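For reference, the structure is listed below as structure tokens.
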Amino acid sequence: MNSWGVIWDSRNLLLQGLLATLALTGATIVGSTVVGFLVGFGRYRRIPVLNAVLRIYIEVFRGTPLLMQLLFIYFGAAYLRWDWMSIFLASFIGLTLFQGAYISEVFRAGFESVPLGQREAATTLGLSRFNITKDVVFPQTLPVVLPPLFAQYLQLIKNTSIASVIGYAELVHEGQAATNLGANAFDVYLVLAAIYFIVSYPLSLAARGLERRIVNRRERVA
Amino acid sequence: MIVQATDIHKSFGHNKVLKGVTVEVEVGEVIGIIGASGSGKSTLLRAINGLETIDSGEIKVMDVEVHDRKSAHRVHQYVGMVFQQFNLFPHLSALENVTLALRKVKKLEKGDSNELGMAALTRVGLGDKAKSYPQQLSGGQQQRVAIARALAMQPQVMLFDEATSALDPELVGEVTKVMRELASEGMTMLVVTHEMGFARETADRMLYFDNGVIGEEGTPEQIFTAPSSPRLQQFLHRVLEK
């Protein structure tokens, strides 16, 4: 059978891989956004000890390869005999912590873009800290945060492929399986690249659309 | 006595900004505060409503001990503040700016808060700008919205921290007009300003800040026509020449 024939026969394999990629992507987008938001907010508030801890977290996860982090978590859990640690969970935790470190800086920069005078004005009106953050700071953070946040999500989709190294059966992993069945590697990776593009491009378009809407709103107002 | 600040000291690092300032304000008094930049005027206002903690001294507003960090936040129910940079919330319309604290702090229903908000905007002559966003308003209009926002909370004292300094000269008048009206209605006001004409006409009492202390104090008449200290004479000479 020729290479393309093998790829066609492997279509269910590839589809499962795609679904696994999407599942990991979806879970990690949620996870890393929550982690990034909390860490970014913690850093923004500059609570002494917490701030140092969070900085260490960010530096460690931005300063080491994602590949190494996944291996460390997966095999580290095995070493500690944490039987509950599945491949998916290890991938999810690793990617969430890795991407969350970057996303936290996106949120922190967003919070810090709101002038101090905004908090002060809200304080003099008697608003509680919670309301100042929720009703004054956050809404102003959104336009600043959304474009770089989407850029992180785009990165994240592609970074899920690294989970194949610890055996997560996502798209690249299943593509490799197809090559093992006799498909030409070049053809397989061409197909995978196309699939990644088809998944990423709408997100890219959405990011650009959002950005344009925000800019439009600003210009309409100005 | 509505505001009582006694022997206030405040440093930023090695920079002593307030070196023993005592100010007492009676209900309905309008205090004009002048002095070179960095002389401590703004820091005093910010200390009075708890935006700045003080190193020593006592500040009392109504029944609130502002120097006590635990009770300091209660001062905001009595004291409204207007900033040099307006500090309107850019994501909210003029009316929403005015009603945010009514809804979140006073817990009013939307209908009630909108009614009070419209009344406050009308009071500063901006009833027709309720739906406008800050960026759509001139500097003078923005500052009037900021005044309305503070007034809507029905403060007992209003602090103005160089409220007209960021405005184009032709827009100063519309803001000082609102401030004059407030003064004539009996609002207690502490006004840090570079508008000497306004201070002279409106203030009951003037404070001249010099290097962290009150260098001279008196009626506008005394301060402007018969300044006793050479420093104040020089200061007035400099600002009035412009």
Positions within region B:45-55 being in contact (Cβ under 8 Å) with a residue 40 or more places away in the chain, in contact with an Asp or Glu (Cβ under 9 Å, 6 or more places away or on another chain) and open to solvent by 10 Å² or more (accessible area, probe 1.4 Å), in sequence order = B:ARG46
Region B:56-97: number of residues that are surrounded by fewer than 20 Cβ atoms within 10 Å (Cβ to Cβ), small (Gly, Ala, Ser) and touching a Phe, Trp or Tyr at 6+ places or on another chain (Cβ under 9 Å) = 1
Out of all the residues in region A:106-131, which are buried (at least 19 other Cβ atoms within 10 Å of the Cβ) and small (Gly, Ala, Ser)?
-> A:GLY110, A:ALA121, A:ALA122, A:GLY126
Subset of region B:184-225 [β-branched (Val, Ile, Thr) and either open to solvent by 10 Å² or more (accessible area, probe 1.4 Å) or touching a helix residue (DSSP H, G or I) at 6+ places or on another chain (Cβ under 6 Å) (or both)] | B:VAL192, B:THR193, B:THR202, B:VAL213, B:ILE214, B:THR219, B:THR225
Every listed condition ((1) of a type in the set (S, T, N, Q); (2) within 13 Å of another protein chain (Cβ to nearest Cβ); (3) part of a loop (DSSP other than H, G, I, E, B); (4) buried (at least 22 other Cβ atoms within 10 Å of the Cβ)) holds for B:THR164 save (2)
Criterion violated by B:LEU102 - all others in (1) within 11 Å of another protein chain (Cβ to nearest Cβ); (2) outside any helix (DSSP H, G or I); (3) open to solvent by less than 10 Å² (accessible area, probe 1.4 Å); (4) not β-branched (Val, Ile, Thr) satisfied | (2)
Please state which one of A:THR141, A:THR124, A:THR179 is within 14 Å of another protein chain (Cβ to nearest Cβ) and modelled with pLDDT under 95.
-> A:THR141
Only one of B:LYS19, B:LYS41 is basic (Lys, Arg), more than 17 Å from the chain's Cα centre (by Cα) and at negative phi, namely B:LYS19
Taking region B:105-150 on its own, how many of its residues are over 16 Å from B:LYS177 (Cβ atoms), assigned to a helix (DSSP H, G or I), within 12 Å of chain A (Cβ to nearest Cβ) and among the small types (Gly, Ala, Ser)?
-> 1
Pairs, please: C-beta under 9 Å, at least 6 apart or cross-chain, first residue more than 12 Å from A:LEU125 (Cβ to Cβ) and in region B:76-87, second part of a strand (DSSP E or B) and open to solvent by 10 Å² or more (accessible area, probe 1.4 Å)?
-> B:GLN84/B:ASP161
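The values are calculated or read from the model by the stated rules, or taken from the named source; none is laboratory data. None of these values were measured; they are calculated from a predicted model. Cβ sites come from the backbone with ideal geometry, for glycine too, and all protein chains shown count toward neighbours. The protein model used for the area step is the full one, side chains on, heavy atoms only, and it has no ligands, DNA or RNA in it. Shrake-Rupley method; radii C 1.70, N 1.55, O 1.52, S 1.80 Å.
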